[in-house]
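Have a look at the structure below before the remarks.
What follows draws every value from the coordinates through simple rules; no lab data is involved. Just so you know, these numbers come straight off a predicted model, no measurement behind them. Using ideal geometry, Cβ is built from the backbone for each residue, glycine included, and neighbour counts are taken over all protein chains shown.
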Protein chains: 2
Amino acid sequence: MDCDYYVLLMFSFELIAKDGEARVGKLTTPHGPIYTPSFVSVATHGTVNTLSAHELHGLGVQVIIANSFHLHLKPGEDLIEKMGGLHRFIGWEGPLMTDSGGFQVFSLGAGKRQGVGKIAPIFPGESAHESRLSWRDSRGPVRVDGDGVEFTSYVDGSRKHFTPERVIETERRLGADIILPLDECTSPLDDYRQTGAAMRRTHDWAARSLREFESSANKGQALFGIVQGGAFADLREESASFFSARDFDGYAIGGSLGRSKEDMHRVLEWVIPFLPQDKTRHLLGIGEIEDIFEIVSRGVDLFDCVLPTKIARTGTLFVKEAHRFRIHILNTRFRDDPLPVDARCDCPTCSNYSRAYLRHLFLTKEALAARLATVHNVYFMESLMRQIRSAIKEQRFDALKDEWLSAI
Amino acid sequence: MDCDYYVLLMFSFELIAKDGEARVGKLTTPHGPIYTPSFVSVATHGTVNTLSAHELHGLGVQVIIANSFHLHLKPGEDLIEKMGGLHRFIGWEGPLMTDSGGFQVFSLGAGKRQGVGKIAPIFPGESAHESRLSWRDSRGPVRVDGDGVEFTSYVDGSRKHFTPERVIETERRLGADIILPLDECTSPLDDYRQTGAAMRRTHDWAARSLREFESSANKGQALFGIVQGGAFADLREESASFFSARDFDGYAIGGSLGRSKEDMHRVLEWVIPFLPQDKTRHLLGIGEIEDIFEIVSRGVDLFDCVLPTKIARTGTLFVKEAHRFRIHILNTRFRDDPLPVDARCDCPTCSNYSRAYLRHLFLTKEALAARLATVHNVYFMESLMRQIRSAIKEQRFDALKDEWLSAI
């Protein structure tokens, strides 16, 4: 009981404001609060591309998500635990999540075979693509059975076997504030039968994960469930009911989101009503700017996506007044453009450098190029999320949404 | 006269202390002072690998050197002038130098043919190597004649013709505080006759550069001469006499420095006595840690080298108590090493991260790896230079030198 009480003190989700289904909350973790809706920056191997932990904090990043699958393979949870845990190892003092590896198993299996991501055809900049790239060298099939997943390590070629229990143990030892259980991601091309079977396996694994989580020494961590069910209404409802009936600390929405953005919106509309109001909702792996308004308006609190940092590396930068909110800095029209990337942005990049200089850095392949672009995109996302939280609190979320989406 | 007086106010070199031939000075420029001896960080295309201008300043960097040859080819001085000059373009508010391209012409010509740098065999981490890499795609021979240099641009394949006057004009438009004239670098494998001919051509070009410099509108820039003469005592003396008799604002020592470090020391001993005490002396392209003590003890004030940033990119980091002052972080002995790179260093990398984490970043090919390593190496050099300046002022330079060199 003492232990539960301690967790309760460390973790809580407080609803601060609602505007329609859009909501502002405060998710308290042992490493500080996360004000939601919040973007979760992706730090697959423990770092957000080019940025130091100190810099992330300065850019307004509240929470980052690392990947226990990749960290297990390299450098291994033994080493990270020995170095004082993941927070200490990577120098990040704020809230930290770890993903389980379910999506990576999907990327390696069905996703790779079918060439698709969470929405088919593959979403530009979506993490499936990146994960598949890491798997180029992998050999041997992915075998999913009732017990877990078997696959070949891309690090040393050895066969690995993940079970729900082992994944929880790995995440326990990594020590992130919020952890996710092993799930089986399905492809948008999988049929009803395949999606249903994977969902039932995910439920079984989730129950085992929860049991393992509750039986292991509590280190002030929270466990989120991951709702599956693809783009099938009854499966999504079944999965959402399954999870909300169990005592998870929050709920993620994973797996396939259909074949279009409209499908994704429908998935949220099926799932959200089944989830408790007083728990956090995390949409996994989604986050183009035009998506953010749609998912927040449907009651999502957290979402993560590699897109802002991934596109930054190749010179694509967020700008409010641009087609799909992006410019490609290598375009010749920026050759002698003395303006900052976004005239209304006060990030360190926009405060100090011109578009012409940034273009020069990309053309000369300077490492600083990706870094200045990443700084801008990360700050831009955080700034947008601050605007969204303010708008919800002031009951003008729809006006802000219209202001942004009318510009596309 | 007003104009000269203005330059005098903007540029001055004041000798603050001497300990043997080692000296501490203050070189005043329109963009602030440089306390010497000082390392000059190399920013070939206008940026020091991975670091922002703001960060360079924070690490204690006093002065950086860009390359007018590379900047002329990409993005061109037209654009940079239009963007408000090089300082403004790259966001660096401190003292700034531009090199002329003489060394790049050497790299492309004799250096490439013979596979050598400033000291033969090629110096590890020496800039010749890097410059040659940029030239892989170049076609067509380098032709040096009395008028200047003709070569093929690696950017667009066009034939380019550099004259001493055009190089000064390019550097005028870039607007660095200290500029260097076009010179002809020789190889350590060139014989006495070839080295002498190149030296005489360099003298002719230097006189033309000075004339062009004095006739063009003064923008508060200083022009340094570049002493040539290879590893031949009489040529070096002749060249040093030639330059010291002319009104350059400072003197660089360029070209071949022989076949060994001892040869390099001898070159300095031949040249330095001919140079005026009240002008700055810059040794071009040299700067391994063990060299620094030797060159400072012979009266050199400035030196530049790509080594600290170049080796950082591949995981080689400066440590005082290590063989040749470096460790390679990928070595397995650092796998679970919780200590910072150098326990006595207070740079941002050593203050926040372990060797184990840095090794993990290199192994996972994170862009942050090169950056954290570069931060450390740049700071380490600046910290060493501060120690050297203090030691000279306190008449204990030899003791400091012994303390460091006995550790090799």
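Overview of values
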item	result
In the range B:312-407, trypsin sites (Lys or Arg not before Pro) in a DSSP loop with at most 14 other beta-carbon atoms within 10 Å	B:Arg344, B:Lys365, B:Arg396
Fraction of alpha-carbon pairs over 20 Å apart in the range A:242-381 - percent	53 percent
Taking N as its residue count, the alpha carbon Rg of the range A:298-389 over 2.2 N^0.38 Å	1.07
Relative contact order for chain A, counting Cα pairs under 8 Å that sit 6 or more residues apart, in percent	18 percent
Mean ellipticity per residue at 222 nm, deg cm²/dmol - from DSSP H runs of n ≥ 4 across chain B, formula -39500 (n - 2.57)	-12500 deg cm²/dmol
Shape category assigned to the range B:2-305 from the gyration tensor of Cα positions, a/c cut at 1.5	rounded
Residue pairs, from the table A:Lys320/A:Lys365; B:Lys279/B:Lys401; A:Lys18/A:Lys261; A:Lys365/B:Lys26, whose Cα atoms sit over 29 Å apart	A:Lys365/B:Lys26
Cα centroid of the range A:347-364 to Cα centroid of the range B:337-378, whole Å	26 Å
Taking B:Thr28, B:Thr374 and counting other C-beta atoms within 10 Å, the order from fewest to most	B:Thr28, B:Thr374
Calculated FRET efficiency for the pair B:Leu405/A:Ser241, C-beta based, R₀ 56 Å, to 0.05	0.15
Taking the convex hull of Cα positions in the range A:49-109, its mean projected area over all directions (nm²)	4.6 nm²
Amide H within-cut-off set for B:Glu184, under 5 Å, with H built and near neighbours excluded	B:Thr202
Residues B:His323, A:His72, B:His203, A:His360 arranged by fewest to most Cβ contacts within 10 Å	B:His323, B:His203, A:His72, A:His360
Span from the the range A:192-222 Cα centroid across to the the range A:22-57 one, whole angstrom	24 Å
A:Gly250 long-range amide H proximity, modeled H, under 5 Å	A:Gly225
Alpha-carbon Rg with Dmax, taken over the protein assembly as shown, Å	30.3, 92
Angle in degrees between helix A:192-215 and the longest Cα principal axis of chain A, rounded to the nearest 10	80 degrees
Ranked list, fewest to most other Cβ atoms within 10 Å of each Cβ, for A:Asp177, A:Asp247, B:Asp190	A:Asp247, B:Asp190, A:Asp177
Separation of the A:Asp145 and A:Glu169 label points, Cα + 7 Å toward Cβ, nm	1.9 nm
Efficiency of FRET from Cβ geometry, B:Asp78 and A:Arg326, R₀ 25 Å, rounded to 0.05	0.30
Cα long-axis angle, helix A:233-244 against chain A (0 to 90 degrees, to the nearest 10)	70 degrees
Net charge, A:Glu77 excluded, C-beta distance under 9 Å - Lys, Arg +1, Asp, Glu -1	-2
Rel. contact order, % - alpha carbon contacts under 8 angstrom, at least six apart, the range B:187-255	36 percent
B:Glu14/B:Leu339 FRET efficiency (R0 41 Å; Cβ-Cβ; nearest 0.05)	0.50
Degrees between helix B:367-393 axis and first principal axis of chain B (Cα, 0 to 90, nearest 10)	70 degrees
Three-way shape label, the range A:1-99, alpha-carbon gyration tensor, a/c 1.5	oblate
